[in-house]
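Notes to accompany the following structure.
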Amino acid sequence: MNRIEINDALDQVRQLQSICLTKQKFYGYSGKARLFSGVFALLVALVLHLRFHGASELTHFKAWGILAVVSIVTNYLALLLWFLYDDDVQREPRRLRPAIEALPPFAIAGVLTMAFFLNQSWMYMVGTWMLCFGLMSLASRNFLERAIGWVGLYYVVAGTFLILAPTVPFTNPWPMGIIFFAGEVIGGLIMWKGKPRERR
């Protein structure tokens, strides 16, 4: 085997490696949906600041609840459309495994939110949301673009700060709005840019 043939064989191996890595990636999450969630979070914070300044914790809780519902519906609708209509997926349930593995932190966030709500304990809520969302991103980093791990770490650091600095009132909408906006916009751009062009 001459040098040209060896180089051709190495090129083929590299192409196969690239194809295998692409197949292992999870493209069910939508970068655009994540971008939308981040922008919507900033909009909610702005509305709370301008129209509901001095409003009760319950009012702020309802506003963030609207954000959660809109974000969940938007992102999981995008996931469902990918599962049903992407030719490479072929509606194989195992392809949803990365999304399923990210659910435990999501469920824990729901349980803790309910506990805080029932006890009218607002001060740790935003920090808890950030920590759980960071864990979701970290749990997905092996299936998504590796840079998503840094987004997860960003959420964990932000959540830790808010948990350890409970003097930040729940009625201040800017910590939640700005942190979530930055994390989701960066995460959305990473996911959108990381997808093959035909999948965008």
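Considering only Leu118, Leu43, Leu58, the Gaussian network model of the chain with Cα springs below 10 Å gives its largest mean-square fluctuation to Leu118. Compute the length gained on full extension between Asn172 and Thr160: take 0.36 nm times their separation in residues and subtract their Cα-Cα distance, giving the result in nm to one decimal. Extra length from Asn172 to Thr160 when fully extended: 2.6 nm. The lysine pair count for the chain, using Cα distances under 13 Å and pairs eight or more places apart or on different chains, is 4. Available extension along the chain between Leu81 and Val39 is 12.9 nm, counting 0.36 nm per residue and deducting the alpha carbon span. The residues Ser56, Ser30, Ser71, when put in order of fewest to most other Cβ atoms within 10 Å, stand as Ser56, Ser71, Ser30. Modelled spin-label separation between Phe52 and Phe117, with each label point placed 7 Å from Cα along the Cα-to-Cβ direction: 1.3 nm.
Quick note: the coordinates plus some simple rules give every number you see, no bench work behind them. In this text the structure is predicted, and so the values were computed from the model without any measurement. FYI the Cβ positions are ideal-geometry reconstructions off the backbone, even for glycines, and counts take in every protein chain you see.
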